[in-house]
Every structure is written in C-alpha cells, then in structure tokens.
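Working notes, beginning with the structure itself.
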Amino acid sequence: METVFKNISKIKYEGPKSRNPLAFKHYNPAEVVEGKTMREHLRFSVVYWHTFRNALSDQFGVGTAIRPWDDGSNSVANAENRARVAFEFIEKLGAPFYAFHDRDIAPEGRTLRETNKNLDAVVKVLKEEQKRTGIKLLWGTANLFTQPRFVHGAATSCNADVFAFAAAQVKKALEVTHELGGAGYVFWGGREGYSTLLNTNMKRELEHLAKFLHLAVDYKKKIGFKGQFYIEPKPKEPTKHQYDSDAAACLNFLREYDLLDDLKLNLETNHATLAGHTMQHELEVAGSAGALGSVDANTGDELLGWDTDQFPTSVYLTAQVMLTILKYGGFTTGGLNFDAKVRRESFEPVDLFHAHIGGMDAFARGLKIAAAIRKDGRLAEFVKQRYASWDSGLGAKIESGKSDFTELEAYMLKQGEVTTNVSGRQEFLENLINEFI
Ligand code: XLS
Ligand code: NI
Ligand code: NI
C-alpha cells in the first residue's frame, strides 16, 4: 500500500553522523542494551488523538493542520480511510504500538447503538491493518470528557444516567480493546473532578469512581481480557481539581478502595509538571509501590501552566526517565506512548515525522545514557554507601523490628550526640551524571 506519504520512505537508522532529517540518529531498534533490543526496551507508541485527530486549534484560533487525506466530515468512510493512513504513518515510522480513545477512531452517532455500530466498522479496519503490519495496540481508552453529557464528569457525575452512559461506553471500549489484542486499558479521569466545592459531594463522587472501576474490573474478568488496567494521574485541566491528581493520590485512592491489585499507573511527564513534581519523582513513587505501568511520553513548558503536550527532546529528561524505568526492571505491558502534539505552527504532515523521530531519538539516547550510568556503577554505589548504617548493627536491628524506643534512648544517652553525618554530595553527583550526557 502506498498512498499519502509517498514522498517519505521508511525511516531508517543511519547513525549519529547522518544529516538526513528523516532518519534515526540514535534509535536503532535491533541494537541490544542491557540484554534487550531498543525496540523491546522502549516500546514506542503513536497516539491516535493528537497525531490523526488534532486540528491544531487553540483558544484563539481555528485549526491549522493540513491533512490532505481527511475530508473533514464525520463519516464512517472518512474514519476508515483515516485508519489506513494512520497505519501507513506508523509503519513508515517503525513504531511497534499505537493507542486510541473510542471517539478518536470512529464518529459518535445519534444513539449509543449507532455509535457502537460506527465503532465496529472502524475496528474491523484496524484489525486488518494490525494484521497487515504487525503493529499492536498498547492500550485503548474511552473518551468520557468531550461530549456535553459529561459536563459534570462521567463516573463522578451528579447524574446517575451519565454514570450509566459512561459504563456502557467503557464496556464497549473494553470489548474492542480485547478484540484488538490490546496490551492494556487506560482510565484517565477526564472530567472526574470539580470546579467548585460549593456544589460537590466529594466523598460520594470518590465512592462512585471506585464503584465504576470495580465494575470495569468485574467486566474485564467476565470477558477474559488479560490486558493491564492503568490509571493516569493529572492534577488539573479540564477541571480545577482532578481526583487522580498525582501518583501518590492515585495510589492512596486505589488502596482505600481495594483496587491496588487491579490497576497500575500510566504516568505522563506534562501531568507531573502540572502537579509540581518531576517526572522522575512520579516514576519513583509508582515504582517503589510496584505500580509503574506505562508512560505517556511528552513534555510541558515550564513557563505555561497547562498541558502543552510537546514532544520530548531533552536528553537530560529522557536519561532520568530511563534510569528509573531500568531501575524498576523495565516495561512489561507498558511502553513509551507519545501523548504529544506538534505545535500549531508545525502544520504540515511531514512535521508528524520530525516530531516522532525526535522523540524516539531522544529516548534512545536516554536509554543508552542510563545504561552507561548503571554499568559505571558509581551512582548506585554512592546511594548504597549512603545508607550503610542500616546494613549492620543498630540500623539493621531497627529495620528488622528488633529494637524499641527504650533501647534507642539508652543508646543515644550513652553516645550523647550524633557525630556520623556525611555530605549528600549533590553537586558531585550532578557532575557525575553530566559525564554521561
Ligand atoms: C489528557 C490525557 C489523555 C490520556 C488519555 O491530558 O493525557 O490524553 O492520556 O485519555
Ligand atoms: Ni496522557
Ligand atoms: Ni496530558
């Protein structure tokens, strides 16, 4: 099949010396790093919503994107054609995965029944294209935020009928994700939050959200869907306060409502920024709780307070991200999903290639840098030594639960004062990291 991107051939690895903008300089899918290929480590995924549905409009202006294959209509035929174009793009790029919301791939009809029929028609095309290309679905999800019925939220709406509609929609989205062999399914709480507490019963809304997720887990088991469930934290936007505000809040929610065994986290860099955290912090919180699932790989703008969803280009950032991901054993079901959009000024189709190539190369470098830091071993050794007082003697006794306040007081009364603190050496460690960048 050769249609839309006929002037662009398959993106190849040409190495760091290449000056070809449509080639990888660092992402060499077959190259082995720490015993796995880059392709297996990074598990890149293209998102349907930004890459194939975003017209690049903003609050002040209409869309600028030139997408010659799209007739601009809401027809199923246009959606089917778009699906084939999407696969041509992903195939040429060489990403092994993609991700979608139900409403990205097929238009909403006048009734739920008609909408489901539209979805089935496009899923048929996606299935054919997956088979033809070998590209797989990283995760599916349902859009429970665009349509006006979700004005007060979906699972947390004050209106029980909206909860029912959302349940029906997620049921169908789970079925199609299962049919397409999806490795996972994401719950991002679109409008699950509030704009004012004056009209909000927070406790009741949180209980409804938990109920909704339990019903989804039940249905997943019922249909035999083995994909991983994820919850995606975001602190604000569209609502002033989103319930899934950050990794720690999500973990607390999952624990409180007995959902910890069924959901991991899908962490997004720009959402970490909005929450006032670094991405590495969010990964660490999830990883240490055994809940590091997948990554929405993008970046925000430090000067803008909203979700700009830019493609990741900072090698410093990707090195930090990969260092933490490798530390927790790498991805299993998850991957690096480019939840990112080209800028409104980058409106030509070729910009979609430049954006993804840049993100993939930045992460390939991040992976290689992280692996080199790990091989060098000085960073890990420093951290290990820093906690050496816990490895034997009194520290080991406290950790193993064999000490108490009385003993600790007697010990310190005898010592009189702490004389053993040493420097944290932050600047030394920052310099050490820069040796590898
Ligand atoms: C929005 C979210 C969204 C999820 C999928 O900010 O990142 O795109 O990834 O619903
Ligand atoms: Ni996202
Ligand atoms: Ni986002």
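The values are calculated or read from the model by the stated rules, or taken from the named source; none is laboratory data. Source: prediction; values computed, not measured. Here Cβ is always computed from backbone atoms with ideal geometry, including for glycine, and neighbour counts include all displayed protein chains. To get the accessible areas, we keep the full protein, side chains included, count just its heavy atoms, and leave off ligands, DNA and RNA. Shrake-Rupley method; radii C 1.70, N 1.55, O 1.52, S 1.80 Å.
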- [ ] From (1) open to solvent by 10 Å² or more (accessible area, probe 1.4 Å); (2) at positive phi, pick out the condition that doesn't hold for GLY153.
- [x] (1)
TODO: Consider ALA286 carefully, then state whether it is open to solvent by less than 50 Å² (accessible area, probe 1.4 Å), part of a helix (DSSP H, G or I) and at negative phi.
DONE: yes
Task: Set LYS222, LYS264, LYS172: member being open to solvent by 10 Å² or more (accessible area, probe 1.4 Å), without any contact (Cβ under 8 Å) to a residue 12 or more places away in the chain and not in a loop (DSSP other than H, G, I, E, B) - done: LYS222
Open item on the list: I'd like the full set of residues that are under 19 Å from ARG67 (Cα atoms), of a type in the set (A, V, I, L, M) and not in a loop (DSSP other than H, G, I, E, B), limited to the range 330-356.
Closed with: VAL350, LEU352, ALA355
Task: Residue check, ARG82 in a loop (DSSP other than H, G, I, E, B) and away from ligand 3 (no atom under 16 Å from the Cβ) - done: no
Task: Residue satisfying all of: in the range 89-106; closer than 17 Å to ARG53 by Cα, open to solvent by less than 10 Å² (accessible area, probe 1.4 Å) and not in a helix (DSSP H, G or I); farthest from ligand 3 (Cβ to nearest atom) among these - done: ALA106
Open item on the list: Tally up the residues in the range 34-62 that are in a loop (DSSP other than H, G, I, E, B) and either within 16 Å of ligand 2 (Cβ to nearest atom) or open to solvent by 40 Å² or more (accessible area, probe 1.4 Å) (or both), please.
Closed with: 9
TODO: Collect the residues in the range 382-402 that are within 16 Å of MET412 (Cα to Cα) and in contact (Cβ under 8 Å) with a residue 24 or more places away in the chain, keeping them in residue-number order.
DONE: SER389
Task: Search result, residues across the range 110-142 that are part of a loop (DSSP other than H, G, I, E, B), touching a helix residue (DSSP H, G or I) at 6+ places or on another chain (Cβ under 7 Å) and open to solvent by 20 Å² or more (accessible area, probe 1.4 Å) - done: none
Task: Sole residue being basic (Lys, Arg) and buried (at least 20 other Cβ atoms within 10 Å of the Cβ), chosen from LYS234, LYS240 - done: LYS234
Task: Selection count, the range 327-348, where residues are more than 15 Å from the chain's Cα centre (by Cα) and buried (at least 18 other Cβ atoms within 10 Å of the Cβ) - done: 1
TODO: Can you tell me which residue among LYS414, LYS327 is over 30 Å from ARG53 (Cβ atoms) and in contact (Cβ under 8 Å) with a residue 40 or more places away in the chain?
DONE: LYS327
Task: Residues being buried (at least 17 other Cβ atoms within 10 Å of the Cβ) and either more than 22 Å from ARG43 (Cβ to Cβ) or of a type outside the set (Gly, Ala, Ser) (or both) - total across the range 289-307 - done: 7
- [ ] Return the total of residues in the range 143-163 being over 16 Å from GLY189 (Cα atoms) and either touching a strand residue (DSSP E or B) at 6+ places or on another chain (Cβ under 6 Å) or assigned to a helix (DSSP H, G or I) (or both).
- [x] 2
Task: Residue count for the range 168-203, restricted to those that are within 23 Å of the chain's Cα centre (by Cα) and aliphatic (A, V, I, L, M) - done: 7
Open item on the list: For the structure I just gave you, tell me whether VAL383 is closer than 30 Å to ILE369 by Cα and open to solvent by less than 80 Å² (accessible area, probe 1.4 Å).
Closed with: yes
